[in-house]
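To start, the structure under review is shown below, and the notes come after it.
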Amino acid sequence: MAWWKAWIEQEGVTVKSSSHFNPDPDAETLYKAMKGIGVGSQLLSHQAAAFTFPSSALTSVSPWGQQGHSRCIPAGTNEQAIIDVLTKRSNAQRQQIAKSFKAQFGKDLTETLKSELSGKFERLIVALMYPPYRYEAKELHDAMKGLGTKEGVIIEILASRTKNQLQEIMKAYEEDYGSSLEEDIQADTSGYLERILVCLLQGSRDDVSSFVDPGLALQDAQDLYAAGEKIRGTDEMKFITILCTRSATHLLRVFEEYEKIANKSIEDSIKSETHGSLEEAMLTVVKCTQNLHSYFAERLYYAMKGAGTRDGTLIRNIVSRSEIDLNLIKCHFKKMYGKTLSSMIMEDTSGDYKNALLSLVGSDP
């Protein structure tokens with residue numbers, strides 16, 4: 001399945017809108033699930049300053065203003081209740097819950113979750129609260145801020161999104177961070193990596209037409225061969241231009257013609273002709289063109305394979321694909337690695353973090 005088709009696969013969705021949805025009780029459930037927000041104690045101190053209550057009266061009123069229930073702050077956060085609400089609602093529904101939470105309790109839900117949760121579980125739950133394009137803008141911003149640049153994050157997002165999605169991400173980035181995504185990428189990267197990232201950001205591969213000019217595809221394949229295998233050294237810009245400006249359907253034909261000419265795959269040639277982040281970027285374009293679901297399955301697998309877990313990659317891809325094509329990614333994962341995505345999550349993670357991930361991933365294929 002080539003990448004441009006993946007956006008219309010409804011059977012791929014693992015997180016769907018909840019039927020009979022009402023944000024108000026969901027907001028109340030989240031409020032009750034959290035301990036340290038101090039709402040109960042703040043209300044108590046506020047009322048005590050305005051009125052004189054006997055202590056027995058204070059403990060007999062619930063946070064919802066009803067008699068007969070203890071007003072004490074709960075002993076701990078009910079993480080499972082948070083998981084049950086937020087992983088079983090669509091992103092649009094989560095935004096409505098956040099509005100209801102602020103209207104009912106006067107607090108920002110995301111900030112409250114940050115104050116109540118910690119570690120990887122907090123990172124996952126907070127990721128769920130961002131609108132999709134703002135979340136991807138945040139991931140790109142985080143990849144470039146501070147010392148060092150996480151080129152892999154930038155490559156993953158720019159190579160796998162459509163032109164419309166990239167435009168929305170750029171808009172969200174500028175609104176949230178007050179700067180141009182393109183200019184920040186240029187400031188934070190250099191050389192041919194900078195050029196391929198800026199080219200990808202233009203979204204020029206987004207022609208979904210099935211028409212392919214066989215003559216042009218053959219010419220592009222010959223040009224790629226001449227730019228790499230045929231010469232000593234590599235004409236990197238020729239690779240970048242063809243990979244970043246041709247449609248996916250066209251590139252698939254180019255890759256076929258290239259293999260006939262070079263007697264090796266385009267992936268093998270890229271590996272022998274380039275290295276480092278530029279190699280990763282070019283290979284990512286090829287993989288996303290050939291099969292987007294396989295690409296994300298590979299990203300998830302290597303996020304958990306070996307010592308340690310690349311939690312950023314794991315969280316980002318499960319959250320961002322859960323309402324698009326995660327079911328299809330799960331199927332490819334099982335075919336490629338002989339085990340299910342959920343079984344690997346169970347082996348590699350633990351606690352509430354594991355439970356939330358499994359809830360988002362859903363049942364095995």
Please work out which residue is nearest to R161 (Cα to Cα), limiting yourself to the range 221-246 and to residues that are within 30 Å of the chain's Cα centre (by Cα) and open to solvent by less than 10 Å² (accessible area, probe 1.4 Å). C244
Which residue, of L283, L292, L278, is at pLDDT 90 or above, closer than 30 Å to L328 by Cα and open to solvent by less than 10 Å² (accessible area, probe 1.4 Å)? L292
Within the range 152-198, residues being under 23 Å from R299 (Cβ atoms) and among the hydroxyl-bearing types (S, T, Y) number 5
Quick check, is M336 among the hydrophobic types (A, V, I, L, M, F, W, C), open to solvent by 40 Å² or more (accessible area, probe 1.4 Å) and in contact with an Asp or Glu (Cβ under 9 Å, 6 or more places away or on another chain)? yes
Residue ID - most open to solvent (accessible area, probe 1.4 Å), chosen from residues in the range 13-28 that are in a loop (DSSP other than H, G, I, E, B), of a type in the set (G, A, S) and in contact (Cβ under 8 Å) with a residue 12 or more places away in the chain: S17
Pairs only if they're at least six apart or on different chains, beta carbon under 8 angstrom, first in the range 114-131 and within 15 Å of N355 (Cβ to Cβ), second of a type in the set (V, I, T) and assigned to a loop (DSSP other than H, G, I, E, B); list them, first residue then second. L117/T77; K120/T349; L128/T87
Return a yes/no flag: does the range 250-259 have any residue that is over 15 Å from A227 (Cβ atoms), acidic (D, E) and part of a helix (DSSP H, G or I). yes
Scan the range 288-303 residue by residue and report those that are in contact (Cβ under 8 Å) with a residue 40 or more places away in the chain and in a helix (DSSP H, G or I). C288, T289, Q290, L292, H293, S294, Y295, F296, A297, R299, L300, Y301
Of all residues in the range 81-120 being outside any helix (DSSP H, G or I) and among the basic types (K, R), the one that is surrounded by the fewest Cβ atoms within 10 Å (Cβ to Cβ): K88
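To keep it simple, each residue is scored yes or no on (1) more than 28 Å from A143 (Cα to Cα); (2) among the small types (G, A, S); (3) touching a Leu at 6+ places or on another chain (Cβ under 7 Å).
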position	(1), (2), (3)
K264	yes, no, no
S269	yes, yes, no
L283	no, no, no
K287	no, no, no
D311	no, no, no
R321	no, no, no
S363	yes, yes, no
Could you tell me which residue of the range 127-182 is nearest to R246 (Cα to Cα), considering only residues that are open to solvent by 60 Å² or more (accessible area, probe 1.4 Å) and of a type in the set (G, A, S)? G178
Does the range 137-156 contain at least one residue that is among the hydroxyl-bearing types (S, T, Y), closer than 16 Å to N317 by Cβ and touching a residue at least 40 places away in the same chain (Cβ under 8 Å)? no
Answer with yes or no whether R195 is among the charged types (D, E, K, R), within 25 Å of G276 (Cα to Cα) and touching a residue at least 60 places away in the same chain (Cβ under 8 Å). no
Against the condition without any contact (Cβ under 8 Å) to a residue 24 or more places away in the chain and not hydroxyl-bearing (S, T, Y), how does I270 come out, does it pass? no
Within the range 195-219, which residues are under 22 Å from the mean Cα position of the chain (by Cα) and either under 19 Å from G148 (Cβ atoms) or part of a helix (DSSP H, G or I) (or both)? I196, L197, V198, C199, L200, L201
As an exercise: evaluate L218 against (1) modelled with pLDDT of 95 or more; (2) of a type outside the set (D, E, K, R); (3) open to solvent by less than 50 Å² (accessible area, probe 1.4 Å) and give the number of the one condition it does not meet. (3)
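The values are calculated or read from the model by the stated rules, or taken from the named source; none is laboratory data. All of these numbers come straight from a predicted model, not from anything done at the bench. Ideal geometry is used to build each Cβ from the backbone, glycine not excepted, and the neighbour counts take in all protein chains shown. All accessible areas refer to the heavy atoms of the entire protein, side chains included, with ligands and DNA or RNA removed. Shrake-Rupley method; radii C 1.70, N 1.55, O 1.52, S 1.80 Å.
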